[in-house]
Amino acid sequence: MRLHIGASKVHRWLALLIGAQVIVWFTSGLVMALLPIDTVHGDHRIDRDAEPALSSAQAFAPVPTLLTAAGSPVRQLQHRVLLGRPVVEAQLASGGVRLLDARTATVLPPIDASTAGAIARKAYRGKSATSTVERVERASPEYRGALPAWRTSFADDDATRIYVSAETGRLTSVRTGTWRLYDFFWGLHIMDWTQHERFNTPWLKAFAAGGLVFGVAGAILLFMRWPRRRRKSRGMRQGAA
């Protein structure tokens, strides 16, 4: 009887605590499922293939010349187009990146605010003609990509922000109102209300453990209240009387 009473109390209180979080889980999961993932990714606001492909008719500097121009041991060379200009992205052994002109092997200057803004505006699919460019030095819940980076903000109805790597000039992320809504509910879903990316927070562990105890307590109650067991127990009491 004591086991039955204890399990009932534990089950009741855990039902209140965990039940509230279950509602949050179901609500956040429903919202995330209803939001189109392409819209969350910002595909309606950005053209990720805005730059043209390289042409075989172009004359490029030979690899040895590019390696020498990089001025440091190189792990990888990658040809691509940046604002219509063929460039080579040299991945250095030290972990850094150096941009070179693909035709002359000249080392290009770092990506500045003007260049980053031009890259973002070229890829932008919206109608806003107003934009501001800011340098980003620290990661945040909205942006956890390559740093440092440039953030170009557009004055459209989706508050679009396009992030460009300050080292490579690549588009790294696009953030919109839809993404922020999704990210808010994602943080609620995984119970990480600050960084929105950790799956092993103490809160999540505590509620997972509480859910296990809740299930065990429910199983005990089910066993104790099983109809056959209750009839048998009632019959034993009547026989003893």
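What follows draws every value from the coordinates through simple rules; no lab data is involved. Note that the structure is predicted; figures quoted are calculated from it, not measured. Methodologically, a virtual Cβ is constructed for each residue, glycine included, from the backbone with ideal geometry; neighbour enumeration extends over all protein chains shown.
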Review point. Given the structure, is Val174 closer than 27 Å to Val31 by Cβ, buried (at least 16 other Cβ atoms within 10 Å of the Cβ) and aliphatic (A, V, I, L, M)?
Key: yes
Exercise for review: Determine the pairs where a residue that is farther than 19 Å from Ala50 by Cβ, located within the stretch 157-179, has a partner that is of a type in the set (Ser, Thr, Tyr) with Cβ atoms under 6 Å apart, the partner being 6 or more residues away or on another chain.
Suggested key: Thr178/Thr39
Point to revise | Those residues of the stretch 189-215 which are in a helix (DSSP H, G or I) and without any contact (Cβ under 8 Å) to a residue 40 or more places away in the chain, in sequence order | key: Ile190, Pro202, Trp203, Leu204, Lys205, Ala206, Ala208, Ala209, Leu212, Gly215
Point to revise | Contacts under 6 angstrom Cβ, first residue in the stretch 103-124 being more than 28 Å from Val63 (Cβ to Cβ), partner hydroxyl-bearing (Ser, Thr, Tyr), 6 or more apart | key: Gly117/Thr152; Ala120/Thr152
Study note, to complete from the structure: When (1) assigned to a loop (DSSP other than H, G, I, E, B); (2) among the β-branched types (Val, Ile, Thr); (3) closer than 17 Å to Ala149 by Cβ are applied to Thr132, the one that fails is (1)
Review point. Within the stretch 144-153, is even one residue touching a residue at least 40 places away in the same chain (Cβ under 8 Å) and surrounded by fewer than 19 Cβ atoms within 10 Å (Cβ to Cβ)?
Key: yes
Practice item. Among the candidates Ser153, Ser173, Ser128, Ser165, single out the residue that is over 24 Å from Pro109 (Cβ atoms) and among the hydroxyl-bearing types (Ser, Thr, Tyr). Key: Ser128
Exercise for review: Check Ile18, Ile23 and return the single one that is assigned to a helix (DSSP H, G or I) and free of Cβ contacts under 8 Å to residues at least 12 places away in the same chain.
Suggested key: Ile23
Review point. Does the stretch 74-81 contain any residue that is surrounded by fewer than 16 Cβ atoms within 10 Å (Cβ to Cβ) and assigned to a loop (DSSP other than H, G, I, E, B)?
Key: no
Check your understanding: Just a yes or no: is a residue in the stretch 82-91 assigned to a loop (DSSP other than H, G, I, E, B), surrounded by fewer than 19 Cβ atoms within 10 Å (Cβ to Cβ) and under 26 Å from the mean Cα position of the chain (by Cα)?
Key -> no
Practice item. Might you check whether a residue that is among the hydrophobic types (A, V, I, L, M, F, W, C), touching a Ser or Thr at 6+ places or on another chain (Cβ under 7 Å) and within 30 Å of Arg198 (Cβ to Cβ) occurs anywhere in the stretch 101-111? Key: no
Review point. Quick one: how many residues across the stretch 136-165 are assigned to a strand (DSSP E or B) and either acidic (Asp, Glu) or touching a Phe, Trp or Tyr at 6+ places or on another chain (Cβ under 6 Å) (or both)?
Key: 4
Check your understanding: So which residues in the stretch 107-126 are under 14 Å from Ile46 (Cβ atoms), touching a strand residue (DSSP E or B) at 6+ places or on another chain (Cβ under 9 Å) and not small (Gly, Ala, Ser), if there are any at all?
Key -> Ile119, Arg121, Tyr124, Arg125
